[in-house]
Amino acid sequence: MKKYLTITIAAGLAFVLVGFMAYQSRRITMLESTVEETYLSALRQSAEEAAALTLALEKAQLTTDAAHTVLLLHHIGQTAGSVQQHLAALPVSPQLQPVLRFAGQLSARSEAWLEEVAATGRLADRTQLEQPLAVCSQLSSQLALAESAADLEKLTLAADLSQASAPRPLGLPQGEITQEEAIDIARSFVGDSRVEAIHAAPGTSGTLAAYGVTVQTADVQLNLEVTRQGGKVLWMMPETASFPITQSPHACQQAAVDFLALHGFGAVLPVHHQIYDGLYVASLVPVQQDVLLYPDLLRVQVRMDTAEVVGLEAHNYWLNHVPRSLPVPALSASAAQALVADHAQVENTRLCLIPHQDAEVLCYEITATHNGENYLIYIDAQSGREIELLKTITIENGFLTA
C-alpha cells in the first residue's frame, strides 16, 4: 500500500511540476513577446520620426518665411529629441551610438538656429541644413528597412554633426597608436583581473577615429573604442544589461567618480543620473576653479549588482577638454539671482561653462522652483542675458530636462 501511495504522490508531484514548468514556459514566452513588441514599437516610431525629420529639413531649406522657419525648426528639435528617446529604448548596440549622438546634436543645433531666427528674422546660411538632411534621409531609409531590433546591427551611418566643421579633438594627446597598443590600453582600462579574453574589433573613422576592442569578462562582454590619436578610451558599453539591483545609487555614483579619478579624468561633479536594466548611468561634469565645464560632459554606466563600471561615453570630453582661460564674471551671483522672476524661489547658484551657438559662455546656473516645479536658469555672467531655461522633470528612474 505504501508503495502505491508513494507512486501516486510522485506522479502527482510530477504532474504539478510539469504544469508549473509549462506555466513558466508560457510566462517567459509572453515576456519575450512583450519585450520584442516594445522594441518593434520603438523601431517603428523611430522610422516614422526620421522620415518626418527629413521632410522638415527639406522644407526648412526652401521656406523664406520667418514664422514658418521657426515652426519647422521647433519641429526638428522636438522630433530629433524623440528619435533619441525611442532609439535609446532599443538594445545597446555600438551601431546606435553615432545615431544617438547625431539626434542629440541635431536637437541642440536646432535651438541655435531658432535663436538666430529670433534675433535676425532669418536663417542666414541654409547650407548648414544640407548635412543633417543627408544623414536623416539615410537614417530614414535604413530604419524603414529594419524589421527587428537585430537589424540595427546593420546600420552604417556616419552620423556626427561635429564632423561638418571637422573640429580638432582638443583633449587628445598627439601621436598615433597601433591596434595592438589599443588592445593593451583597453585591458588596463577594464582592469587586467577582470579580463578573460580580449581581441580586436571593427573601429570607426572621422574626427575621433578609433580602434575597436572586445573584452570578455566573467559574465558580460564589453565593447570599447580607443582613439587612434593619443590612445584614449572613447567609449565602452556592455553587450547586454539587465543586472539585479543590490547596490545603492549612492554607492554606484561613488564608483563612477572613483573610476574617473583612477583613470586620470580629474575632478568631476555628478549632475544627474538615470537607472535602467540594473545600470546606474551617471552624468558627470569636469570642474575647473569651481566652474562646471558642461561641454566636457562624461557619462558612466555602473552595474548595480557589483558597482563595477561597465560603460563610458567620453566623446565630448576628448573633443573639448583643455584648461580654459575663464573670464572674471562681470555680475555677482546675487546680481544674477536678482534677474530671476520674483515669483520663483532660488534654491542654488553656481558658475558653469555651457555650449552656445558654437561657442562657450560662462554662466550662472540657477536652480529655482515655481509652483512645485523645478527649473534651471542660465544667466550670462558677463551680460546678464538669459541664455537658457530648462524644466527638470522627475521620472521613475532619474530625471529629464526640457
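The values are calculated or read from the model by the stated rules, or taken from the named source; none is laboratory data. In this text, all values refer to a predicted model and were calculated from it rather than measured experimentally. Cβ atoms come from the backbone with ideal geometry, glycine included; neighbour counts cover every protein chain shown.
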Are any residues in the stretch 224-248 in contact with a strand residue (DSSP E or B) (Cβ under 6 Å, 6 or more places away or on another chain) and under 30 Å from K391 (Cβ atoms), and if so, which ones? W235, M237, A241
Selection within the stretch 309-321 - modelled with pLDDT of 95 or more and either in a helix (DSSP H, G or I) or surrounded by fewer than 20 Cβ atoms within 10 Å (Cβ to Cβ) (or both): Y317, W318
Neighbours by Cβ (under 8 Å, 6+ apart or cross-chain): first from the stretch 207-234, over 20 Å from L298 (Cβ atoms); second of a type in the set (S, T, Y) and part of a loop (DSSP other than H, G, I, E, B): V220/T240; Q221/T240
Contacts under 6 angstrom Cβ, first residue in the stretch 377-395 being exposed (fewer than 15 other Cβ atoms within 10 Å of the Cβ), partner in a strand (DSSP E or B) and of a type in the set (S, T, N, Q), 6 or more apart: L390/T401
Any idea which of (1) of a type in the set (G, A, S); (2) in the same structural domain as D380 (by TED's automatic domain parsing); (3) under 21 Å from G231 (Cβ atoms) is the one A344 doesn't satisfy? (3)
Any idea which residue in the stretch 195-244 is farthest from L279 (Cα to Cα), counting only those that are at pLDDT 95 or above, in a loop (DSSP other than H, G, I, E, B) and small (G, A, S)? G230
Mind listing whichever residues of the stretch 282-308 are of a type in the set (A, V, I, L, M) and free of Cβ contacts under 8 Å to residues at least 60 places away in the same chain? A282, L284, V287, L297, L298, V300, V302
Please tell me if V346 is in a strand (DSSP E or B) and either at pLDDT 95 or above or surrounded by fewer than 21 Cβ atoms within 10 Å (Cβ to Cβ) (or both). yes
Residues being touching a residue at least 24 places away in the same chain (Cβ under 8 Å) and loosely packed, with under 15 Cβ neighbours inside 10 Å - total across the stretch 235-262: 5
Considering each residue of the stretch 322-342, count those that are surrounded by fewer than 15 Cβ atoms within 10 Å (Cβ to Cβ) and in a loop (DSSP other than H, G, I, E, B), and give that number. 10
